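The values are calculated or read from the model by the stated rules, or taken from the named source; none is laboratory data. Remember, it's a predicted structure, so these values are computed and weren't measured experimentally. For neighbour counting, all protein chains shown are included, and Cβ atoms are generated from backbone atoms with ideal geometry for every residue, glycine included. Keep in mind that these areas ignore ligands, DNA and RNA; they rest on the heavy atoms of the full protein, side chains included. Shrake-Rupley method; radii C 1.70, N 1.55, O 1.52, S 1.80 Å.
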Amino acid sequence: MRTPKRLYAQQRLIYQPELLTCPHCGDLLVMCNYLAWNKTVQTLGGVLSVASRPGRCPHETCAGSRLRLLSAAAQRIALPHATYGYDVLVRIGWWRSQHHATYREMHAELASHVRISVAHVSYLYQQVSLPLLACHERQHRDRLAQIAKAQGGLILALDGLAPEGGEPQLWFMRERTSGLTLRSGWLSQQDHTTFEAFLQPLTQLEWPILAVLSDKQTGLMPAVTKVLPKSRYQFCQAHYLRHLAEPLAEADSACKVDLRKAVRQQVGDVIRNEPRATPAPIGVLTVTGLLPSPIGPPPAPLAREAQSPPPSASPAATGPEADEIVTSLFRHTRYLLTLKGRPPFRLAGLETYERLDHVARVRLALVAERYAPRLAQLSQGLQSALSPCAATSQALQQGAAWLRDIAYI
Ligand SMILES: [Zn+2]
């Protein structure tokens, strides 16, 4: 058996209750001579050794003498019995829900801050972060009651998420007006009986369920009809819209292909030629084995690159710094050539056109400022690649606007 490596705390914190006086008699509290809890907590900012010393009322006859008052600030660092800070949980939940990061990706990101395994990242997300979110939703019962009163009942959407590598499916039901999650859970199988059990608690609600929306999963519809016989039923509108959008999506996809080809023809050589500041063996990925290579700094996450617009050059940028800006612009351009669509509303061709157009304009400003010949080449190349697609992109824009109007109706 392997002994786990010890974690060395960078800081030792012993918390005392914020309350100074007894809530019953008002006399000053005394500190107990033991610690209520004492543990090592890994946070994104470092390893902490945290403990909490309780306080109590000194008068034996007072009800306050039986209380053990703890620090609220200490409870905000980590959950009871947990050794990862809330900040780690929040980071995991955020990456998962906002960037759809996989457990491996999250692990790679976290590994530089805390000691954790991929399996534990998955555990923290599923067993801690999601239940905490569910508790948060519970606080919105009043809001749900208001909506139910205003509408005369609730309208629910039911959906499941495709699992990651053979995990059970994650299913949830949401109230349509507010988006609040009423129930969510993993279903190990998707059949009539399972759906029925998942839906059953809806009958305990004091409000009627007016309608249910879902996809056409086998077994789901009979389960809904059985549990909620009075509710109306409707299939997911996104499916209708996706069928409607088919011709548009086809045209968009063709435009994307043309656009990528044109851009690669015009500036392919330029954007592939990245300036390399360090002579590091960039193609080598192996870092372990009998002869491990030293581990470099972690690569910048893709999601961040995808999100942020290309950084603008500061006038002071010279030499390697300017190279770094040029490199990140090239990288961003290459990323834009890999955008994927998701009809009906996300059209990759149109998006590629609009974002490349934006990049070409940003570059023009940089060219004027820095007279960098590589950027001038790139900017002109991009513009020549984009101009034949201008008319198509306008037509696509019109189509996308129609589709939004149809969706609105
Ligand atoms: Zn007291």
For the range 48-64, how many residues meet the condition of being in contact (Cβ under 8 Å) with a residue 40 or more places away in the chain and surrounded by 19 or more Cβ atoms within 10 Å (Cβ to Cβ)?
1
Taking the condition among the hydroxyl-bearing types (Ser, Thr, Tyr), under 30 Å from HIS140 (Cβ atoms), touching a residue at least 12 places away in the same chain (Cβ under 8 Å) and open to solvent by 30 Å² or more (accessible area, probe 1.4 Å), does SER188 pass?
yes
Criterion (under 34 Å from the mean Cα position of the chain (by Cα) and over 19 Å from VAL128 (Cα atoms)) met by exactly one of ASN38, ASN33:
ASN38
Exception for ASP87 within (1) more than 16 Å from the ligand (Cβ to nearest atom); (2) open to solvent by 30 Å² or more (accessible area, probe 1.4 Å); (3) assigned to a loop (DSSP other than H, G, I, E, B) falls at (3)
Looking only at residues that are open to solvent by 60 Å² or more (accessible area, probe 1.4 Å) and outside any loop (DSSP other than H, G, I, E, B) in the range 22-35, which one is farthest from the ligand (Cβ to nearest atom)?
MET31
Filter the range 65-80 for residues that are within 16 Å of the ligand (Cβ to nearest atom) and open to solvent by less than 60 Å² (accessible area, probe 1.4 Å) and give the result.
SER65, LEU69
Got a sec? Which strands (runs of 3 or more DSSP E) wholly within the range 110-215 have at least 3 residues that are over 17 Å from ARG96 (Cα atoms) and more than 26 Å from the chain's Cα centre (by Cα)?
209-214
